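Engineer: Dropping a structure here in structure tokens format, bear with me for questions.
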Amino acid sequence: MAISISGLRKRFGQTDVLRGLELEITKGELVALLGPSGSGKTTLLKIIAGLEWPDTGRLEVDGENWLELAAQDRRIGFVFQHYALFPHMSVRDNLAFGLTVRPRAQRPGKAVIAAKVQELLHFLQITHLADRFPGQLSGGQRQRVALGRALAIEPKLLLLDEPFGALDAAIRRDLRRWLRGVHEATGSTTIFVTHDQEEAFELADRVVVMGEGRIEQIGHADTIHDHPASPFVARFMGATVELPVTLQAGRPEAAGLDLQALARRALPDGPATLFVRPEDIRPVPDSAAPWRIESRMSNGAHLRLVLRHATGAEAEADIPRRAVQAEALAPGASVRLRVEAGAIFPAERQGTAATTVSQPILKLESSK
Amino acid sequence: MSVIAAPIRAKRVLPGFTLSLGTTLLYLTLIVLIPVAALVLKGAEMGPERFWRIVSSPRAVAAFQITLAAAAIATVFNAVYGVLMAWVLVRYEFPGKRLLDALMDVPFALPTAVAGLSLTALFSANGWFGAALHPAGIPVVYTIWGIALAMAFTSVPFVVRTVQPVLEDMDPALEQAAITLGARPWAVFWRVVCPAILPAWLAGCTTAFARSLGEFGAIVFIAGNLPFQTEIAALLAYIRLEEFDYNGASAIALVLLGFALVLLLTSNLLQFWAARAREGAR
């Protein structure tokens, strides 16, 4: 199903949860809504499901206005974060629920429902669990049942809220691969919410990065990783080191930084901020440079260096422990920082543009 | 190593298992077991034949019938109203909600005689409600309906207070899941909410029923206490005692005790079932 969202806004009391969203999703796509908690991603998912209602905006699916349609009539499959299996029903009855609650006229016969459930049990590889109750299942098994229950009604749209959030790492990886398989087998449009980048990028065709009720960027893993659209996305994608630089003819410059590796940007001259991942910073011993190594920690594979600028600014660098120069990088050594990759945003845009306009306090801070 | 020699014991809140268990047992014996045993002994003293004659006398049978019927009416009313009340208190936000929640305990705290007096005043022929009901041909005072009313008043918190926490604990996602699967509100209630609150609801109703059977203070004012018509079992026992007919009183009391024990057992079984169902939910 093709989904078209525009101008979607939602407030909870004093809080703006969604501040005007625009999003198009094409049929059969697997889309991830990625963002930190409080970014509005779950609210968006629940609005699509019909479990929440926006204050204003449009939600059209295959040209039909879904805001006039009750959740029951949207025929979506929704998988809840904590599964929400019916505790008093066996796995079999949980799977059958969506079929048995249909109005009598549309309800399939008992034998048809039983056959459908059997087919699902087989597809989910949980035939042996059919007569157990949810309380007797492990997290991964519950997740499968929850997904199966959603699939039973043959949804045209599958929505998953943090589907793997409560599972441990190994099961997560398995289920992720398995969900991808399910998506391909059913061909339904699928949207899932996650705060885990790895999960979003590994599983989704397209990732929608959300922050504070806005869509910050939509794109493929590589694009978002290499070219974050805003400081928010840069920080969220792990570029936690923020270095003040000056742009001149599209080239960033700053004392003690070696920025030759960075491409020219079509940005106006003036102060700017460079967002870098710690692993993209290479400290090079240089007795004349203003950076000093303050501390050094090892996690076995990598060394994490905390670097201090003469003016007090701080940066972090991750380097492979076995790298040749590791020996020379002892605490106290003076270094110059070679930046391999990074994102640059003009200094005015430290917050997002709208925030800066509406909240003068931020503007003051950013112009410091 | 010598460190191992002293076993590590978990710290407990109350000192000494023996002492705390001893105290509880002593207390239970003094205020529950001894009186009950005395009652049973008193009953045994008269022999089964005499016991049967007393409890099967027409007046006693009528009293038991009235008590059971009125308690059943009160329980049916409370079963419906109690769930509704618990639902409102849990699911909606409105001004005065906390006050209403607190008011729910008034029947527990209010002396039952006070409740009986005020109900009688309200429903008697010249009371606020009675003035309207009486001309309409619905007398409440001095009928079984009056008895049921008084019973319902004193026992409704049992249903509300057992269902309320279960509703509060219910994951809202369960209902949302049912909705996304196409269930209409009625189906959501019957197939998802009802099974979840059923054990607690049944336990609450059983306790309310047991309480109604034993209610005395609130009823004697509103019932009129006519033998064969509005005389409840507890009152009959009291009358026998007044007449120094100890055997008659204890025989009737024993039957009430029997009812109470059966209900208590039922209630406990239901709660056990509820606890197991909740465990299954985890």
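The values are calculated or read from the model by the stated rules, or taken from the named source; none is laboratory data. Please read all numbers here as calculations on a predicted model, not as lab measurements. Positions of Cβ are backbone-derived with ideal geometry, glycine not excepted, and every protein chain shown enters the neighbour counts. The protein model used for the area step is the full one, side chains on, heavy atoms only, and it has no ligands, DNA or RNA in it. Shrake-Rupley method; radii C 1.70, N 1.55, O 1.52, S 1.80 Å.
Engineer: Percent of accessible area on chain A owned by carbon and sulfur, 1.4 Å probe? Walk me through the intermediate numbers first.
Structural biologist: Working: 8700 of 17020 Å².
Of all accessible area on chain A, carbon and sulfur atoms account for 51 percent.
Engineer: Further question on the same structure: Would you mind getting the accessible area per residue of chain B, heavy atoms of the protein chains only, 1.4 Å probe, in Å²?
Structural biologist: Values: 16130 Å² over 282 residues.
I get 57 Å² per residue for this part.
Engineer: Quick check: convex hull over the Cα atoms of the protein assembly as shown, volume per residue in Å³, rounded to an integer?
Structural biologist: Working: hull volume 187.9 nm³, N = 650.
So the per-residue Cα hull volume is 289 Å³.
Engineer: If you don't mind, there's one more thing I want to ask. With a/c under 1.5 counting as rounded, go ahead and sort the range A:1-142 into rounded, prolate or oblate using the C-alpha gyration tensor (a ≥ b ≥ c being the square roots of the eigenvalues; past the cut-off, prolate if a/b is larger than b/c, else oblate). Intermediate values should be presented prior to the final figure.
Structural biologist: Numbers: a/c = 2.31, a/b = 1.71, b/c = 1.35.
Because a/c hits 1.5 or more and a/b exceeds b/c, the range A:1-142 counts as prolate.
Engineer: Got a sec to turn the phi values of the range A:268-285 into Karplus ³J(HN,Hα) couplings, 6.51 cos²θ - 1.76 cosθ + 1.60 with θ = phi - 60°, whole Hz, x for Gly and Pro?
Structural biologist: x, 5, x, x, 8, 10, 9, 9, 10, 7, x, 6, 9, 10, 10, x, 10, x
Engineer: Related question: With every protein chain in place, what's the accessible area of residue A:116 (1.4 Å probe, Å², nearest 10)?
Structural biologist: About 40 Å², rounded to the nearest 10.
Engineer: Next up: Considering chain B as a Gaussian network with a 10 Å cut-off on Cα pairs, which listed residue, B:71, B:177, B:63, attains the greatest mean-square fluctuation?
Structural biologist: Evaluated over chain B, the most mobile residue of the options is B:177.
Engineer: With an 8 Å Cα cut-off and a minimum separation of 6 or more residues, compute the relative contact order for chain A in percent.
Structural biologist: Details: 737 pairs, mean separation 57.8, N = 368.
Worked out over chain A, it gives 16 percent.
Engineer: To continue, here is another question. Can you give the calculated 222 nm mean residue ellipticity of chain A, where each DSSP H run of n ≥ 4 adds -39,500 (n - 2.57) and the sum is split over every residue, rounded to the nearest 500 deg cm²/dmol?
Structural biologist: Working: 10 runs with 96 residues, N = 368.
Calculated mean residue ellipticity at 222 nm is -7500 deg cm²/dmol.
Engineer: In square angstrom, what is the accessible area per residue of the range A:3-226 with a 1.4 angstrom probe?
Structural biologist: Numbers: 9420 Å² over 224 residues.
In whole numbers, the range A:3-226 has 42 Å² accessible per residue.
Engineer: Where does each of A:199, A:314 land when they are ordered by accessible area, with a 1.4 Å probe and the largest first? Show your work: numbers first, answer last.
Structural biologist: Numbers: A:199 5, A:314 95 Å².
Ranked from most to least accessible, the order is A:314, A:199.
Engineer: With the cut-off at 1.5 for a/c, could you classify chain B from its C-alpha gyration tensor as rounded, prolate or oblate?
Structural biologist: On the way: a/c = 2.13, a/b = 1.16, b/c = 1.84.
Oblate is the answer for chain B, as a/c is 1.5 or above yet b/c matches or exceeds a/b.
Engineer: Hey, what number do you get for chain B at 222 nm if only DSSP H runs of n ≥ 4 count, each worth -39500 (n - 2.57), divided across all residues, to the nearest 500?
Structural biologist: Calculated mean residue ellipticity at 222 nm is -23500 deg cm²/dmol.
Engineer: Same structure again: Please average, across the residues of A:84-93, the number of beta carbons from any other chain that are within 10 Å of each residue's own beta carbon, and give a whole number.
Structural biologist: Details: counts 10, 5, 9, 12, 10, 3, 0, 0, 0, 1.
Mean partner shielding for this stretch: 5.
Engineer: For the range B:48-281, what relative contact order do you get, as a whole percent, if you take Cα pairs closer than 8 Å and at least 6 residues apart? Display every interim value, and only then the final one.
Structural biologist: Details: 291 pairs, mean separation 71.1, N = 234.
Dividing the mean separation by the residue count of the range B:48-281 yields 30 percent.
Engineer: Follow-up. Using protein chains only (no ligands, no nucleic acids) and a 1.4 Å probe, work out which residues of the range A:114-139 have their accessible area cut by at least 20 Å² relative to the chain alone.
Structural biologist: A:135
Engineer: Kindly provide log₁₀ I(q)/I(0) values, in the same order as q = 0.11, 0.14 Å⁻¹, from the Debye equation applied to equal alpha-carbon scatterers of chain A.
Structural biologist: Here log10 of I(q) over I(0) equals -0.87, -1.14.
Engineer: Find the relative contact order for the range A:14-95 and round it to a whole percent, using C-alpha pairs within less than 8 Å whose residues are 6+ positions apart. The partial results should precede the final answer.
Structural biologist: Values: 38 pairs, mean separation 15.3, N = 82.
Once divided by the residue count of the range A:14-95, the mean separation gives 19 percent.
Engineer: Chains B and A: how much accessible area gets covered up at their contact, both sides added, probe 1.4 Å, in Å² to the nearest hundred? Please report the intermediate quantities before stating the final value.
Structural biologist: Values: alone 17160 and 17960 Å², together 33150 Å².
Between B and A, the summed buried area is about 2000 Å².
Engineer: Oh, and also: Which positions within the range B:169-193 get 50 Å² or more of their accessible surface covered by the other protein chains, compared to the chain by itself, with a 1.4 angstrom probe?
Structural biologist: Flagged in the range B:169-193: B:174, B:176, B:179, B:180, B:181, B:184, B:191.
Engineer: Ignoring ligands, DNA and RNA, please state the percent of accessible area on the range B:165-282 from carbon and sulfur, probe 1.4 Å.
Structural biologist: Working: 3860 of 5620 Å².
With neighbouring chains kept in place, the figure for the range B:165-282 is 69 percent.
Engineer: What ranking of A:66, A:178, B:128 comes out by heavy-atom accessible area, probe 1.4 Å, highest first?
Structural biologist: B:128, A:178, A:66
Engineer: Do me a favour and compute the ellipsoid semi-axes for the range A:166-216 from its Cα gyration tensor, root of five times each eigenvalue, largest one first, whole Å. Write out the running numbers ahead of the final one.
Structural biologist: On the way: eigenvalues 84, 49, 13 Å².
The answer is 21, 16, 8 Å, longest axis first.
Engineer: Right, something else. For the cross-link pairs A:46/A:116; A:10/A:156; A:10/A:116, which exceed 32 Å when the distance is taken from alpha carbon to alpha carbon? Walk me through the numbers on the way to the answer.
Structural biologist: Working: A:46/A:116 27 Å; A:10/A:156 25 Å; A:10/A:116 39 Å.
Beyond 32 Å between Cα atoms: A:10/A:116.
Engineer: In terms of solvent-accessible area of protein heavy atoms at a 1.4 angstrom probe, what is the ranking of A:128, A:309, highest value first? List each step's numbers first, then the result.
Structural biologist: Values: A:128 130, A:309 35 Å².
The residues order as A:128, A:309, largest area first.
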